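Right, one structure below, let's go through it.
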Amino acid sequence: MSLNPETAYADNAAWARWMPYEILLYTAQRSYDLESKIADALDASGCAFEKAITHLDGERLIEASFTVNVTE
């Protein structure tokens, strides 16, 4: 994840800035219960998010990534 904020420009001025944040959950087996608790908490707070699941075969882990873009 990049720690640099993203910026949108209009009329040669910064119009909006946002910072992507990631919530990462690592489990030995996929935990639909924990994933839904995180998704429900983000939904309840009004945060739009993107979810991705990655199998880390070398580590024998499953990574659930929730990316939230926060406007500054």
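The values are calculated or read from the model by the stated rules, or taken from the named source; none is laboratory data. These numbers come from a predicted model, not from an experiment. Here the Cβ is made from the backbone with ideal geometry for all residues, glycine too, and neighbour counts use every protein chain on show.
Residues that are surrounded by 11 or more Cβ atoms within 10 Å (Cβ to Cβ) and either of a type in the set (D, E, K, R) or at pLDDT below 90 (or both): find the strands (runs of 3 or more DSSP E) completely inside the chain holding 3 or more of those.
Qualifying strands (runs of 3 or more DSSP E): 13-27, 61-71.
Just the residues that are closer than 23 Å to Arg17 by Cα and acidic (Asp, Glu), please, taken from the stretch 27-51.
Scanning the stretch 27-51 gives Asp43, Glu50.
Take the stretch 52-72 and flag every residue that is closer than 14 Å to Ile23 by Cβ, in contact (Cβ under 8 Å) with a residue 40 or more places away in the chain and not aromatic (Phe, Trp, Tyr).
Correct list: Ala64, Ser65, Thr67, Val68, Asn69, Val70.
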